[in-house]
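Report on the following structure.
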């Protein structure tokens, strides 16, 4: 501006005021492009004074009595201000567009990197690399473990003392969350202090969610692989159990026959051996049935049957077990005959299993109760005892195969297969087996089977 002013002063008499204004406007625009409004606006004011002092008569004075000259000066100052503001806005928008282009390019790169990654771990590594290169950091680590101080950094980000203040930092730790659940942390480090501009902070806010999703995906993949390994192990276990159980039947039959022979000859050990052989035979039978149930080898054949017949058969089959123990049956004789649509033999097996369990855990002087009733579209056969009941911590697991409560003595029952087989057999018929705590102490196991609307006379005609 000084050079232009000196040059124009030498030819002041040969140029017009408009030429001076145009030269100063070009200088102001150049200043705005180079130094922004902080440089352009002061230069516009200086140009205003220079025009008034050097290029308007009388020269060398700031007094001007010509209104048109004041209009020219005002127009110059307004034009310079508007031009400077427009140029600054255009530069700001261009810079914002450039930053957004960088963000879009980074997100597009992120998408291509994660989609091309074959494994979840590889996608996580590539996301970390995209973040590191985009922000110009030295290191970026995405960890499944929360770093110390991560929660403090989150509070700081919200309260604006670290990231949003623009203060240079060498380390940034950000917690990663998916749907409000913490899954890990993201750690950024730089060899020298850096400050993140608004665009970089915006990019970091957006990208951290993708990092959290990738980290959660790694966890889900690991859990899926673990579950698949457990399923395969369970399948191999079933194969081994089925094979071993089948191979055990023949030697058990031989052992039982020899034990019976010894018992008939008066050998007391023979009876004990026969008893244990029967116990092993039941265990082998349960193992084979469990394998067949899991493999779909059991097929239920539901037919019309009455609750009276099922209860009578269960009482007869368990008569030997209840020889010296009280068993009470409860059937509402005032109601129509309870008729259901179920597999008689499989349901009988379930009911006998529940009666045997009740007898095993109930005190010798207490009565076991077997009842039947109608509940909506289901027949309910309940077996109630006055035993210790089931621990609340074990209620959700008592129907799992091989599960036995930690409080049960080692010899208090079998291998923990009876209830699992009973529930599976009931479910094959569209029913269920449930547990409830009995008021006053004890347990109630209920077998639910589909009911039918047929009456006794219709049943007799059908048979």
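The values are calculated or read from the model by the stated rules, or taken from the named source; none is laboratory data. These figures come from a predicted structure and were not determined experimentally. Cβ coordinates were reconstructed from backbone atoms using ideal geometry, including for glycine residues, and neighbour counts include every protein chain displayed.
Points worth noting:
- Those residues of segment 310-364 which are without any contact (Cβ under 8 Å) to a residue 12 or more places away in the chain and closer than 22 Å to residue 424 by Cβ, in sequence order: 345
- Scanning segment 322-341 for residues that are modelled with pLDDT under 85 and either outside any loop (DSSP other than H, G, I, E, B) or out of contact with any strand residue (DSSP E or B) (no Cβ under 9 Å at 6 or more places or on another chain) (or both) turns up 323, 324, 331, 333, 334.
- Among the residues making up segment 181-203, none is under 24 Å from the mean Cα position of the chain (by Cα) and part of a helix (DSSP H, G or I).
- Selection count, segment 128-152, where residues are assigned to a helix (DSSP H, G or I), under 11 Å from residue 186 (Cα atoms) and modelled with pLDDT under 80: 2
- Given (1) modelled with pLDDT under 75; (2) within 28 Å of residue 221 (Cα to Cα), number of the condition residue 159 does not satisfy: (2)
- Extreme residue, modelled with the lowest pLDDT, among residues of segment 13-37 that are assigned to a loop (DSSP other than H, G, I, E, B) and surrounded by fewer than 12 Cβ atoms within 10 Å (Cβ to Cβ): 16
- Test: residue in segment 259-280 that is assigned to a helix (DSSP H, G or I), under 44 Å from the mean Cα position of the chain (by Cα) and free of Cβ contacts under 8 Å to residues at least 40 places away in the same chain: yes
- Filter result (touching a strand residue (DSSP E or B) at 6+ places or on another chain (Cβ under 8 Å) and free of Cβ contacts under 8 Å to residues at least 24 places away in the same chain) within segment 377-395: none
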